[in-house]
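I have placed the structure first, in the form of structure tokens, so that the comments after it can refer back to it.
The values are calculated or read from the model by the stated rules, or taken from the named source; none is laboratory data. Only a predicted model underlies this, so the values are computations on that prediction, with no experimental measurement involved. Heads up, the Cβs are rebuilt from the backbone with ideal geometry, glycines too, and the neighbour counts pull from every protein chain shown. All accessible areas refer to the heavy atoms of the entire protein, side chains included, with ligands and DNA or RNA removed. Shrake-Rupley method; radii C 1.70, N 1.55, O 1.52, S 1.80 Å.
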Amino acid sequence: MAARRLSSLLSRSIRHLPSASSAPLGRSHGVARPIHRFSTAAAVEELITPPVQVNITKLLINGQFVDSASGKTFPTLDPRTGEVIANVAEGDAEDINRAVAAARKAFDEGPWPKMSAYERSRIMLKFADLVEKHNDEIAALETWDNGKPYLQAAEAEVPSFVRLFRYYAGWADKIHGLTVPADGPHHVQILHEPIGVAGQIIPWNFPLLMFAWKVGPALACGNTIVLKTAEQTPLTALYVAKLFHEAGLPPGVLNIVSGFGPTAGAALASHMDVDKLAFTGSTETGQTVLQLAAKSNLKSVTLELGGKSPFIICEDADIDHAVELAHFALFFNQGQCCCAGSRTYVHERVYDEFVEKAKARAMRRVVGDPFKKGVEQGPQIDSEQFQKVLRYIREGRDSSATLECGGDRIGSKGYFIQPTVFSNVKEDMSIAQDEIFGPVQCVFKFKDIGEVIKRANNTRYGLAAGVFTKNIDTANTLTRGLRAGTVWINCYDVFDAGIPFGGYKMSGMGREKGIHSLNNYLQVKAVVTPLKNPAWI
């Protein structure tokens, strides 16, 4: 499958889904029934058997899949049912020590940083080809472990993963230094060197894409890696790591430890022999990671954290289009997206029309088994997140906000939640301030541009924002006034490989993707040499 822009694929996935009566993927338990809208409690009771086997459940250390030092395992669960998919090796501090030692040896003594950048590029390109070849199996594994719609994984996320690795493979032999003039007879070189051993901690909402965002630039720069997967979603990282070694990656260059944050994650963040740390996750955990890094060896840290992003719909908007885009901005990936447009600001002149149409669109949203064709929304990731979202819905009900639709679970098993819309939301409500990370749309009313800029910026977060208007002057005023790392105008969730991504304020530090991400994994060294009788200076 040719790699295509993630935004266009995702747009296609929400606008051109097959009908509910289309043939399902894989095999169904019992008698097949049509997919229902979210209001039907039985919508998710008939589940399809995932068309993939789980074969890799051990840690990857020094090129080998091995048991954890303790011998312990933990279950990874199917969010459709809460049942066990597989038991995975549970890494802890001892396993992090083993993985870091392997990465350090691979960096100091191994071929990866010493081979030509062109050879590193070739291995990364071969890996991308292998992932592309195994697209469907990887997508099925991602859907099974995470709960996201199979169409989204197969036609958007795996191709984007491939595109990202090809992008970074292209950068490998284009990273270079400078020569700069000095005020005297000296030759000055500025070298860009690999930083060493990179520790990386990825989240559960986009396991494959976050793997690519972090591993791609680190390897292109010649580093070695210890990556900790989220305990909820360890399977796809292990699967693709096997393909990486088939592509020729030397042992010890990429090490993967599955385990829990307080044990494996904390050990990686505080390890004295890790030179760089990259983390994606909640703001609260990011603060802990930063403290551990500072208290150990003061390793450099990049953080991509939470958000509460405003989506601003101006009075000149095409309401039908705005409703669809705002719906996508919030409900995409079950609302489990750090840059979700979770505060929908609508101009007072079009507010009532927008609310009615947003409610109708949410009620049309198809929730069910993510392996079934036509399903737009699968389950939340696990019981903890499921209960968290329901708690925020209850708090919204108890406030003066108006519950327009949804507000409850779907079915008797799994972690499915009705698409929920609140109107008349005020800034002092918990549903307006906190990152819910679920399918809950909060709609606010505003009067003018100056007011909405002030209200949109009144948050501890600053990850992203959306603007919907036909007026270029209005768009320019908003984009410059909003304190966010990304502002999308008349679009949302456009994630091309070259576009940097990161936040202001408590949404993090540093940038992922694009040329800016390379700086995360490079040291800058100045080399100064005297010149004797130079012909020129």
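Residues to consider are A42, A32; find the one that is assigned to a helix (DSSP H, G or I), surrounded by fewer than 16 Cβ atoms within 10 Å (Cβ to Cβ), outside the structural domain of E246 (by the TED database) and modelled with pLDDT under 95. Let's see the steps before the verdict.
Details: A32 fails: assigned to a helix (DSSP H, G or I).
Just one listed residue meets the conditions, A42.
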Could you check region 79-95 and list, in sequence order, the residues that are in contact with a strand residue (DSSP E or B) (Cβ under 6 Å, 6 or more places away or on another chain) and either at pLDDT below 95 or assigned to a helix (DSSP H, G or I) (or both)?
D95
When you go through A102, A153, A93 one by one, which is the residue that is over 30 Å from K373 (Cα atoms) and buried (at least 24 other Cβ atoms within 10 Å of the Cβ)?
A102
Can you pull out the residues in region 383-429 that are closer than 18 Å to P149 by Cβ, of a type in the set (G, A, S) and under 25 Å from the mean Cα position of the chain (by Cα)?
G414
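Every residue, every condition in (1) over 30 Å from I48 (Cβ atoms); (2) among the aromatic types (F, W, Y); (3) touching a His at 6+ places or on another chain (Cβ under 9 Å), yes or no:
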| position | (1), (2), (3) |
| --- | --- |
| F65 | no, yes, no |
| A69 | yes, no, no |
| F74 | no, yes, no |
| G82 | no, no, no |
| I85 | no, no, no |
| A89 | no, no, no |
| N97 | yes, no, yes |
| V100 | yes, no, yes |
| A103 | yes, no, no |
Can you tell which of I489, I499 is at pLDDT 95 or above, more than 21 Å from S160 (Cα to Cα) and not polar (S, T, N, Q)?
I489
Mind checking which residues of region 343-386 are part of a helix (DSSP H, G or I) and of a type in the set (S, T, N, Q)?
S383, Q385
Does any residue in region 311-324 that is free of Cβ contacts under 8 Å to residues at least 60 places away in the same chain come within less than 6 Å, Cβ to Cβ, of a residue that is of a type outside the set (S, T, N, Q) and part of a helix (DSSP H, G or I) six or more places away or on a different chain, and which pairs are these?
I319/E353; I319/F354; V323/K357; V323/A358; V323/R361
With respect to the numbered conditions (1) surrounded by fewer than 24 Cβ atoms within 10 Å (Cβ to Cβ); (2) in a helix (DSSP H, G or I), which one is the sole condition not fulfilled by D316?
(2)
State all residues of region 337-350 that are over 12 Å from Q441 (Cα atoms) and buried (at least 24 other Cβ atoms within 10 Å of the Cβ); if no residue qualifies, say none.
C338, C339, V346
If you check T344 against the conditions, is it among the β-branched types (V, I, T) and under 30 Å from M363 (Cβ atoms)?
yes
Of K388, K413, the only residue that is at pLDDT below 95 and among the basic types (K, R) is K413
Could you list all residues from region 269-288 that are in a helix (DSSP H, G or I) and within 24 Å of V524 (Cα to Cα)?
A269
Can you say whether A101 is in the same structural domain as Q232 (by the TED database), part of a helix (DSSP H, G or I) and modelled with pLDDT of 95 or more, as far as the supplied structure shows?
yes
Give region 219-248 a look and list any residue that's buried (at least 24 other Cβ atoms within 10 Å of the Cβ) and in a loop (DSSP other than H, G, I, E, B), or say none.
C221, N223, A230, T233, P234
Only one of these conditions is not met by A198: (1) under 22 Å from the mean Cα position of the chain (by Cα); (2) of a type in the set (A, V, I, L, M); (3) assigned to a helix (DSSP H, G or I). Which number is it?
(3)
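From the list D369, D352, pick out the single residue that is in contact with a strand residue (DSSP E or B) (Cβ under 7 Å, 6 or more places away or on another chain) and of a type in the set (D, E).
D369
Considering region 220-251 alone, what residues qualify as being among the small types (G, A, S) and either free of Cβ contacts under 8 Å to residues at least 12 places away in the same chain or farther than 22 Å from I175 by Cα (or both)?
Result: A230, A237, A241, A247.
Residue under question is E284, and the condition is that it be within 25 Å of the chain's Cα centre (by Cα), closer than 28 Å to K228 by Cα and surrounded by fewer than 20 Cβ atoms within 10 Å (Cβ to Cβ); does it hold?
Values: within 25 Å of the chain's Cα centre (by Cα): yes; closer than 28 Å to K228 by Cα: yes; surrounded by fewer than 20 Cβ atoms within 10 Å (Cβ to Cβ): yes.
Against the criterion (within 25 Å of the chain's Cα centre (by Cα), closer than 28 Å to K228 by Cα and surrounded by fewer than 20 Cβ atoms within 10 Å (Cβ to Cβ)), E284 qualifies.
Quick one: how many residues across region 171-180 are open to solvent by 30 Å² or more (accessible area, probe 1.4 Å) and assigned to a helix (DSSP H, G or I)?
Taking region 171-180 first, the residues open to solvent by 30 Å² or more (accessible area, probe 1.4 Å) are 171, 173-180.
Those left that are additionally assigned to a helix (DSSP H, G or I): 171, 173-174.
The total comes to 3.
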Among the residues of region 298-313, is any assigned to a helix (DSSP H, G or I), surrounded by fewer than 23 Cβ atoms within 10 Å (Cβ to Cβ) and among the aliphatic types (A, V, I, L, M)?
no
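Quick grid of which residues meet (1) part of a loop (DSSP other than H, G, I, E, B); (2) surrounded by 24 or more Cβ atoms within 10 Å (Cβ to Cβ); (3) within 14 Å of the chain's Cα centre (by Cα):
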residue: L164; (1), (2), (3): no, yes, yes
residue: Y168; (1), (2), (3): no, yes, no
residue: A182; (1), (2), (3): yes, no, no
residue: I190; (1), (2), (3): no, no, no
residue: E193; (1), (2), (3): no, no, no
residue: L208; (1), (2), (3): no, yes, yes
residue: A212; (1), (2), (3): no, yes, yes
residue: P217; (1), (2), (3): no, yes, no
Looking at region 249-269, is at least one residue more than 23 Å from the chain's Cα centre (by Cα) and open to solvent by 10 Å² or more (accessible area, probe 1.4 Å)?
yes
With F422, F354, F386 as the choices, which residue is crowded, with 22+ Cβ neighbours inside 10 Å and within 28 Å of G281 (Cα to Cα)?
F422
